[in-house]
Amino acid sequence: MLKYLKDRIIYILSFFAISEKSMLQEQEKERIFKSQTIDLQELSKAYAITLYLTSDGYQDQFGGVNNQKFMVRKFRELLTTIADLPMHTQQQTLDSTIKNFMAAGREKQIDDILVFGVKLQ
């Protein structure tokens, strides 16, 4: 999933839709890829843009005092908060936030965690 922030608003693009083949076919799913185009020159005329390519690992991680998932909403709020910071600071913030979250719930990492960010100015 690709997320980008422009003027403190997060936009989300999904590159495939999942369609059910049949309930009788062992829950198999077919991925249908969609092509999407983003005009980066047009978007970046008035604002700096930060693009994020992420897996679901960050938001699905368990932790915190109630030992619950980090959740999509909280992850999006975090990205919105850090988007204007230098990339190195963003990396440090993402690392420390998830490590502190897991430590509070005494949880280990359960999935891959990928957050790839690019800042366009």
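The values are calculated or read from the model by the stated rules, or taken from the named source; none is laboratory data. This structure is a prediction, so every number in the text was calculated from the model and none was measured. When we count neighbours, we look across all protein chains shown, and the Cβ atoms used for this are built from the backbone with ideal geometry, even at glycine.
Remarks
- Residues of region 47-87 classified as closer than 16 Å to G117 by Cβ, in contact (Cβ under 8 Å) with a residue 40 or more places away in the chain and crowded, with 16+ Cβ neighbours inside 10 Å, total: 10
- Given (1) under 13 Å from the mean Cα position of the chain (by Cα); (2) touching a residue at least 60 places away in the same chain (Cβ under 8 Å), number of the condition K119 does not satisfy: (1)
- Looking across region 42-83, the residues that are assigned to a helix (DSSP H, G or I) and over 19 Å from S96 (Cα atoms) come down to E42, L43.
- Residues being touching a helix residue (DSSP H, G or I) at 6+ places or on another chain (Cβ under 9 Å) and either hydroxyl-bearing (S, T, Y) or farther than 17 Å from N66 by Cα (or both) - total across region 100-121: 9
- Against the list (1) modelled with pLDDT under 65; (2) under 16 Å from G117 (Cβ atoms); (3) of a type in the set (D, E), the condition E28 fails is (2).
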